[in-house]
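The values are calculated or read from the model by the stated rules, or taken from the named source; none is laboratory data. For clarity, every value in this text was computed on a predicted model and none was experimentally measured. Every residue, glycine among them, receives a Cβ derived from its backbone with ideal geometry; neighbour counts consider all protein chains shown. Side chains are part of the model used for accessible areas, which takes the heavy atoms of the whole protein and leaves out ligands, DNA and RNA. Shrake-Rupley method; radii C 1.70, N 1.55, O 1.52, S 1.80 Å.
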Number of protein chains: 2
Amino acid sequence: MKSKDEQKESTIIRATLQLIFREGLAGLKMSNIAKQASMAVGTLYIYFKNKEDLLNHLFLYFKRESMTQLAQKIDFAQPFKVNFKQLWHNYLAYAVDNPEQATLLEQLHYSPYLRPEVVAETDKLLQPIRDMLDEGKRQMLIKNTDNELLLAFLSGSINQIARRFHENDRKLSPELREQAFDMTWDAVRA
Amino acid sequence: MKSKDEQKESTIIRATLQLIFREGLAGLKMSNIAKQASMAVGTLYIYFKNKEDLLNHLFLYFKRESMTQLAQKIDFAQPFKVNFKQLWHNYLAYAVDNPEQATLLEQLHYSPYLRPEVVAETDKLLQPIRDMLDEGKRQMLIKNTDNELLLAFLSGSINQIARRFHENDRKLSPELREQAFDMTWDAVRA
DNA sequence: TTTGGAAATGAATATTTATTCACTTAACTT
DNA sequence: AAGTTAAGTGAATAAATATTCATTTCCAAA
């Protein structure tokens, strides 16, 4: 018998990502996903129950992927600021290299498609970062401020910087990235 | 003869806002807009050519409204930092009091509905803020950094703070707002 | 108070889009 | 190499949704 091609699931998800980025979630059609992924519409339904199911899987898939990227080169033996800086640059690099994702996760988050339990599950992925911020506060290196405020400040500024530069076709030079990091560090340091 | 009710246009726009916020742009249906606005579907087509037209009008409408709010109590006779702080608090207050807008503008921005010329027009509305930032740099009060970077940093962090707190049903106390402003000021000051 | 005309209505229609399913193809098993 | 079974296909169908339009309601002028 013919066996399921395991790569297809991710092919479909990535094709969907491209389309949402190009045309928005509101313009997403199953027939277009099939075309973009070079397969028949029917095939989509072999891998995912329906459109809603596909979108929930996609949300989790990219949240997990982004968290993996974020954790690159983080080494808890290093001093706090070294790790903080690495994390910040990882986040920015991911947002810059994958401008589609931020847009996508944003749009999905406020759509009738996403199931609440999937949203809750992704929030748990942030725990290691919360722990890291707590450690920074314990060492009195960063301001003793609410974690949600810190997280919102960090993620909001990074995403928006990546988005605006991408939208205007501008490159974020290493110098600009350094300037942006300095702003962030000045903002959070004690 | 019966005359056109001028308020209806804004009634429709506001009803649409509510719905996009509740169900996302992807879930937006003309029939629901009509229900939310307590009128018949056909009436929508008296005030707007079609769905796309309605959404473009709505985008401009709220961009303009938010800029008006932002300019409240700004007085160019005041010192730079006073105005900067007022502007920042105006922006945060608007984002907190109108959590729907940010979500909506975000979603619309990346949709097949929005016409490019409408996007370009809204970008021009930011010019007074760019001028203000330039003035701060001239007085050597803020870092001499790219305006787009500064704007992205400011708007991204504020929007995300307002959004996350609203999403988690948490109130942003005056103390937290002060802390957030201090972070921002530390970030931008020379 | 009558009447002309635009606003408002919402069931009917047109259009778009998700999903199914009868059929074909490919890979594995014996 | 024949048989078996699941993957893959895409035209056909179902479902959802935008838009129209024949009819009714309302207002203002005559």
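Cβ-Cβ distance of A:S3 and B:V119, R₀ of 45 Å, FRET efficiency by 1/(1 + (r/R0)^6): the value works out to about 0.45.
Computed with a 1.4 angstrom probe on protein heavy atoms, the A-B interface buries about 3800 square angstrom of accessible area in total.
Restricting the calculation to alpha carbons of the protein assembly as shown gives Rg and Dmax of 22.1, 80 angstrom.
Relative to the longest principal axis of the Cα atoms of chain B, the long axis of helix B:127-138 makes an angle of roughly 10 degrees.
Computed across chain A, the Kirkwood radius stands at 18.3 Å (inverse of mean 1/r, all Cα pairs). Taking all protein chains into account, the per residue accessible area for segment B:72-190 stands at 47 Å² (1.4 Å probe).
Local charge sum around B:R115 (other residues, Cβ-Cβ under 10 Å, Lys/Arg +1, Asp/Glu -1)? Intermediate values should be presented prior to the final figure.
On the way: positive: none; negative: B:E52, B:D53, B:E117, B:E121.
Taking every Cβ under 10 Å from that of B:R115, the sum is -4.
In chain B, the calculated helix contribution to ellipticity at 222 nm averages -23000 deg cm²/dmol per residue, counting -39,500 (n - 2.57) for every DSSP H run with n ≥ 4. Based on Cα contacts under 8 Å between residues 6+ apart, segment A:1-104 shows a relative contact order of 28 percent. You can think of it this way: the chain between B:L60 and B:R170 has 36.6 nm of extra reach, that is 0.36 nm per residue less the Cα-Cα gap.
Computed over segment B:1-48, the percent of Cα pairs more than 13 Å apart is 52. For segment A:51-188, the residue among A:Q86, A:L105, A:L55 whose Cα projects farthest onto the positive side of the dipole built from Cβ charges is A:Q86.
The angle between the Cα long axis of helix B:174-188 and the longest principal axis of the Cα atoms of chain B comes to about 60 degrees, rounded to the nearest 10.
In this Cβ point-charge picture (+1 for Lys and Arg, -1 for Asp and Glu), segment A:51-188 has a dipole of about 220 debye about its Cα centre.
Heavy-atom surface analysis with a 1.4 Å probe gives segment B:53-188 a carbon and sulfur content of 53 percent of its accessible area. With the simple model of a label 7 Å out from the Cα in the direction of the Cβ, A:E23 to B:A77 spans 5.7 nm.
Of the residues making up segment A:96-111, those losing 10 Å² or more of accessible area when the isolated chain is joined by the remaining protein chains, with a 1.4 Å probe, are A:T103, A:E106, A:Q107, A:H109, A:Y110. Measuring nothing but how far apart in sequence close Cα pairs (under 8 Å, 6+ apart) lie, relative to its length, chain A scores a relative contact order of 22 percent.
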